[in-house]
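J.: Submitted below is the structure of interest, expressed as structure tokens.
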Amino acid sequence: MQKSASSGVSLLGPGGLDLTHSFFTSILNSAPPSPTKRHNKVTVVGAGNVGMAVAQTILTQDLVDELVLIDALPDKLRGEMLDLQHAAAFLPRTKIHASTEYSVTAGSDLCIVTAGARQVSGESRLNLVQRNVSLFRSIIPPLVQHSPACVILVVSNPVDVLTYVAWKLSGFPANRVIGSGTNLDSSRFRFLIADHLDVNAHDVQAYIVGEHGDSSVALWSSISVGEVPVLSFLEKQEIAYEKVTLEKIHKAVIGSADEVIRLKGYTSWAIGYSVANLARSILRDQRKVHPVSVLAKGFHGIHGGEVFLSLPSQLGRGGVIGVTNIHLTPKEAQHLRDSATAILEVQNQLPI
Ligand SMILES: NC(=O)C1=CN([C@@H]2O[C@H](COP(=O)(O)OP(=O)(O)OC[C@H]3O[C@@H](n4cnc5c(N)ncnc54)[C@H](O)[C@@H]3O)[C@@H](O)[C@H]2O)C=CC1
Ligand SMILES: CC(=O)C(=O)O
């Protein structure tokens, strides 16, 4: 039995006519689509472990209308695209494209770059620089050509140096080129502090700044739990806090990636959530503060060159709105400058 299309049962009318377009009674005349809803398009370059974790987290959080995957491997790319498309019944409606050609990225609001070599256990992120800089020469110019107004978010390692490289190759103002930086390290830090104090990580305010890597800086002086500054509270209460414990926590943050890589080969879930968290602040113009890699020249006495490293920064639709004037102790400021020097040592060897 064939019911009418408007009853919502059949898509085919008499004689096999496709009634898809009359399936719903048009209400266009009475209620035009809202012009205020912004169409968000995001491109993820690199459909590897990190790119796919980013893509799937962005999809589940309903952040985009269009998601584009770019990779150099066409079969892997198509397989990943189909696998995500097949989840359409369980996800917010999103158009998913995949291609090795950058024309499909045209008009993206946010381009997230995750392509490139990753470190093996025991290898420093900085060791990846030569391989990934040459990839960036083939990735950044076509992204910019097709999406000249986008924000670029770099994830590939070494993320601070590659954010500088992306900035140079793009010709964009510095506020539109951001590295995911220590947003991930700060989450690891908050998890470890929360675990140590047996509290919820959401209630721990704590930053790792500087390099996303071995020279990162833990800002102990500004840690608070439920708005209570931790160190000054402990000092006032004359509770002996063990400096060694604090240092162990920072060491554990630095060693986190290597531990996961040794155990499962790569890191993916935490960086996926970290990047989706940044994408939300940018696309939804949340103006939230995140520790991300920004052009740091001039901040906290960093004067050695144009270096990107993580500082707590406010993010919105246009990218970086500003860098927070966070208080650093003289020791923390010195560690931050040392971190800048470590990044610049690698960066200055690049022919860029
Ligand atoms: N900033 C951070 O916090 C983190 C950064 N990473 C970095 O992310 C990067 C990717 O890691 P994984 O996804 O685990 O590696 P992966 O090997 O799983 O994926 C890399 C992908 O890049 C693609 N690719 C290579 N050359 C390309 C090109 N020219 N154009 C487009 N795609 C290309 C490969 O085909 C592959 O699919 C690495 O540099 C890694 O170190 C990883 C975790 C955290
Ligand atoms: C691989 C890497 O950079 C991380 O998981 O922190």
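J.: Modelled label-to-label distance, Asp285 and Ser138, 7 Å Cα→beta-carbon offset: nm?
T.: Each label point lies 7 Å from its Cα, and together they span 3.8 nm.
J.: Under the Karplus relation 6.51 cos²θ - 1.76 cosθ + 1.60, θ = phi - 60°, what is the ordered set of whole-Hz ³J(HN,Hα) values for segment 336-352, x standing for Gly and Pro?
T.: Karplus-based 3J(HN,Hα) across segment 336-352 equals 5, 5, 5, 5, 4, 5, 4, 5, 5, 4, 6, 4, 5, 8, 8, x, 9 Hz.
J.: Then there is this: Could you give the nm distance between label points at Leu73 and Leu234, where each point is 7 Å from its Cα heading toward the beta carbon?
T.: Here the answer is 4.5 nm between the modelled labels.
J.: Here is a follow-up. Using only alpha carbons, build the gyration tensor for segment 182-348 and give me the equivalent ellipsoid semi-axes, biggest first, whole Å.
T.: After scaling each eigenvalue by five and taking roots: 24, 20, 18 Å.
J.: For the chain, build the charge dipole from Cβ charges (+1 Lys, Arg; -1 Asp, Glu) around the Cα centre, then report which of Ser103, Gln349, Ala72 sits farthest towards its positive end.
T.: Of the options given, the answer is Ser103.
J.: Mind jotting down a quarter of the surface of the convex hull over the alpha carbons of segment 38-179, in square nanometres, one decimal?
T.: 8.3 nm²
J.: Which of Phe308, Gln85, Gly272 sits closest to the plus end of the dipole of the chain, meaning its Cα is farthest towards the positive end, when Lys and Arg get +1 and Asp and Glu get -1 on the C-beta?
T.: Looking along the dipole axis, the top candidate is Gln85.
J.: Using a 1.4 angstrom probe, figure out how much accessible area the chain has per residue, in square angstrom, rounded to the nearest whole.
T.: Per-residue value: 50 Å².
J.: Hey, another quick one. Using a 10 Å cut-off on Cβ atoms, rank the peptides 276-286, 166-176 from the highest mean neighbour count down.
T.: Highest mean packing first, the order is 276-286, 166-176.
J.: Here's a follow-up. Can you check how the C-alpha radius of gyration of segment 133-230 compares to 2.2 N^0.38 Å, as a plain ratio?
T.: Ratio of Cα Rg to 2.2 N^0.38 Å: 1.34.
J.: On to the next question. In the calculated pair distance distribution of the chain, what percentage of Cα-Cα distances lie above 40 Å?
T.: 20 percent
J.: Right, next: Leaving ligands, DNA and RNA out of it, report the carbon-plus-sulfur percent of the accessible area of segment 38-179 at a 1.4 Å probe.
T.: 52 percent
J.: Now for a different question. As a test question: what accessible area, to the nearest 10 Å², does Arg78 have when a 1.4 Å probe is rolled over all protein chains in place?
T.: In the full protein context, Arg78 sits at about 130 Å².
J.: Figure the gain on full extension for Ser99 and Asp83 (residue separation times 0.36 nm, minus the Cα-Cα span) and round it to one decimal in nm.
T.: 4.3 nm
J.: By how many degrees, between 0 and 90 and to the nearest 10, does the Cα long axis of helix 49-60 differ from the longest principal axis of the chain?
T.: 60 degrees
J.: Whole angstrom only: what separates the Cα centroid of segment 210-271 from the Cα centroid of segment 286-352?
T.: 19 Å
J.: What order do Lys41, Lys236, Lys76, Lys297 take when sorted by accessible area (1.4 Å probe), most exposed first?
T.: Final ranking, largest accessible area leading: Lys236, Lys297, Lys76, Lys41.
J.: Would you pull out the residues with amide H under 5 Å of His97's amide H, same chain only if 5 or more places away, H placed 1.01 Å from N?
T.: Placed amide hydrogens put Leu67, Val68, Leu69 under 5 Å from His97.
The values are calculated or read from the model by the stated rules, or taken from the named source; none is laboratory data. Remember, it's a predicted structure, so these values are computed and weren't measured experimentally. Please note: Cβ atoms are built from the backbone with ideal geometry, for glycine as well, and neighbour counts cover all protein chains shown. For accessibility, only protein heavy atoms count, side chains too; no ligands or nucleic acids. Shrake-Rupley method; radii C 1.70, N 1.55, O 1.52, S 1.80 Å.
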